[in-house]
Amino acid sequence: MIEVEGVTFKYEGSGMNALRDVSLELERGKIYGVVGPNGSGKSTLLRLLNGLIPHFYRGEMKGRVLVDGVDTREASVAQLSKKVGLVFQNPEHMFFSETVYEEVSFGPKSIGMDPEEIKESVRWALEEVGLWELRERSPWSLSGGEMKRLSIACILSMKPEFLAVDEPTIGQDSLSKESLSEIFKRMRGEGKGVVIVTHDLEWLDELGPDVVFVLRYGVVINRGDPKEIFSDIRNLATNGLIPPYRYIVDSLLEVG
Amino acid sequence: MLDPMGMVEIFRTQVGETPYSRLNPSTKFILFASFIALPLISASLPIQIFSLIAQVPLIILSRSERRVKRSLKASLLFIVVLVVLNYLTTHSLEFSLAMVLRLVSMIIASAIFMTGTSPAEIGDLLTKLKVPLQITFSFVIALRFIPVLADDVVMIITSQVSRGYELERGGFLEKVKRLIPILIPMIIIAIRRGHQLAEALETKAFGAIERRSSYVVYEYGRGDWILLIYAIIVITIGLVVGTLTPQFQLLPFRC
């Protein structure tokens, strides 16, 4: 379980807090959606989960984050990466290997997996995201959707308990989005916790998260059942979010 | 001690609303050039100390205390190496100290200039000085892209660290080798950005005519005149102190 306890964080050189007194609990086997307008602290929240904050990003942090009871301040990002895998918005930032296979094996090698275990986990991760057939290709030759799936495989191969994903659907076509949904649902089925930061509420609704958090100005202003959150159209719209289409239609029908 | 992101900060232009940023770009450039030239007038310690003290009003006017501190902190390794090498070759603590203060003085001058001058202003200034457009533009683009590439580097490092990669492991050579997963994506991203930029410039008719027109007019205000006089006074004092002191030697240890 990941427990975020009263965390307030301000980046070095920034005049305002990126997160303010945020508390939440994340369990295995569930999908969590984190939504909010730009600058609401969504990405900062993800960086907290795998220890990039406070280990990499400088700033003032109050409160604590516990990953399976371990304070993220007490463990390195490398150690935490075995528990929480973070998939970044732009996959190109991580690629440097000649082939897809080598790229995916980078993480397992970094955390010191056995050679046999590396082979097994790379194959499993590539099959999970449907890229096993493309394993000999260069990561740079893949399409946008394939690159995104590759970045997920790079993290999955480390067998983390939690998967935190930043804006997975940006620049993805509907087929790629569907494929991403399948991957995340499978992760949930395998007992992993999935945390997804997104602006794409339509896609998130189709994915079917268990809990949704709404952030604004670094504060969790709403949390709970996705149906309740998405039905509150006015609240979502005030926060610069487009509610899922079916909820807009329902609302219009009610008014009518 | 080694802080590459801090080194990048030295070249990151960041213009806020300060009395210094409102100055005419040519005034800022003259001040910058003066404070780069001043510590070079002589290797004597008094000149270096004077050069540092004379920059205090500019630090206050540009509100660049933070930037100066960060730049100096980032350069700490080079400063230490400079002191050690100078002391080993000259056996003079005073000379070593003077050389360090010279470097510090130049770093401060750069930090002030970069804090208060936008790349566009630098470009306009170079154009006024009749520097060819291609050179001016390349320089301005390089300045503009430093923060972009710096942000890319941050993202690359965080991506690799999140994959369990430890940058700080091992001895010096091992650490250098461990930079490969950072450098390769950085180079590829930089080349891609360069390509995108070239395409964007083509679509915006860059290079269609030799002399581009400009609508920006820079005027000289009272602050500009005051600071230009200040630069003249500072350089004059530097020349007088530098030439009158017996240590008027640029590299005395070679004599």
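The values are calculated or read from the model by the stated rules, or taken from the named source; none is laboratory data. Predicted model, so just to flag it, every value in this text is computed and none were measured. Using ideal geometry, Cβ is built from the backbone for each residue, glycine included, and neighbour counts are taken over all protein chains shown.
The set of residues from the stretch A:119-133 being over 22 Å from A:ILE170 (Cβ atoms) and surrounded by fewer than 19 Cβ atoms within 10 Å (Cβ to Cβ) comprises A:LYS119, A:GLU120, A:ARG123, A:TRP124, A:GLU127, A:TRP132, A:GLU133. For the stretch A:81-108, the set of residues classified as farther than 13 Å from B:PRO181 by Cα and either at the interface with chain B (Cβ under 9 Å from one of its Cβ atoms) or at pLDDT below 90 (or both) consists of A:SER81, A:LYS82, A:VAL84, A:GLY85, A:LEU86, A:VAL87, A:PHE88, A:GLN89, A:ASN90, A:PRO91, A:PRO108, listed by residue number.
Residues that are more than 19 Å from A:HIS199 (Cα to Cα), outside any helix (DSSP H, G or I), out of contact with any strand residue (DSSP E or B) (no Cβ under 6 Å at 6 or more places or on another chain) and aromatic (Phe, Trp, Tyr) are absent from the stretch A:153-166. Of the residues making up the stretch A:174-199, those that are assigned to a loop (DSSP other than H, G, I, E, B) and either closer than 22 Å to A:LEU48 by Cβ or in contact (Cβ under 8 Å) with a residue 40 or more places away in the chain (or both) are A:GLY191, A:LYS192, A:THR198, A:HIS199.
Matching residues to (1) small (Gly, Ala, Ser); (2) surrounded by fewer than 12 Cβ atoms within 10 Å (Cβ to Cβ):
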{"site": "A:ARG216", "(1), (2)": "no, no"}
{"site": "A:VAL219", "(1), (2)": "no, no"}
{"site": "A:ARG223", "(1), (2)": "no, no"}
{"site": "A:ILE229", "(1), (2)": "no, no"}
{"site": "A:TYR245", "(1), (2)": "no, yes"}
{"site": "A:SER251", "(1), (2)": "yes, no"}
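No other residue among B:LEU167, B:LEU143, B:LEU149, B:LEU126 is farther than 30 Å from A:HIS55 by Cα and of a type outside the set (D, E, K, R) apart from B:LEU126.
Does the stretch B:205-226 contain at least one residue that is over 21 Å from A:LYS148 (Cβ atoms), more than 10 Å from chain A (Cβ to nearest Cβ), touching a Ser or Thr at 6+ places or on another chain (Cβ under 6 Å) and not aromatic (Phe, Trp, Tyr)? So far as the stretch B:205-226 goes, yes, one or more of its residues are over 21 Å from A:LYS148 (Cβ atoms), more than 10 Å from chain A (Cβ to nearest Cβ), touching a Ser or Thr at 6+ places or on another chain (Cβ under 6 Å) and not aromatic (Phe, Trp, Tyr). When A:ILE118, A:ILE53 are checked against the criterion of being in contact with a helix residue (DSSP H, G or I) (Cβ under 9 Å, 6 or more places away or on another chain), within 14 Å of another protein chain (Cβ to nearest Cβ) and either assigned to a strand (DSSP E or B) or under 26 Å from A:ASP200 (Cα atoms) (or both), a single residue qualifies: A:ILE53.
In the stretch B:153-170, of all residues being under 31 Å from the mean Cα position of the chain (by Cα) and not in a helix (DSSP H, G or I), the one that is nearest to the other protein chains (Cβ to nearest Cβ) corresponds to B:GLU166. On the basis of being in contact with a Gly (Cβ under 7 Å, 6 or more places away or on another chain) and either buried (at least 17 other Cβ atoms within 10 Å of the Cβ) or in contact (Cβ under 8 Å) with a residue 12 or more places away in the chain (or both), does A:GLY171 make the cut? Yes. Counting the residues of the stretch A:56-80 that are surrounded by 18 or more Cβ atoms within 10 Å (Cβ to Cβ) and at the interface with chain B (Cβ under 7 Å from one of its Cβ atoms) gives 2. Residues of the stretch B:22-40 that are buried (at least 20 other Cβ atoms within 10 Å of the Cβ) and among the β-branched types (Val, Ile, Thr): B:THR27 alone. As for the stretch A:1-24, it holds at least one residue that is away from every other protein chain (no Cβ under 14 Å), farther than 20 Å from A:VAL219 by Cα and either under 18 Å from the mean Cα position of the chain (by Cα) or assigned to a strand (DSSP E or B) (or both).
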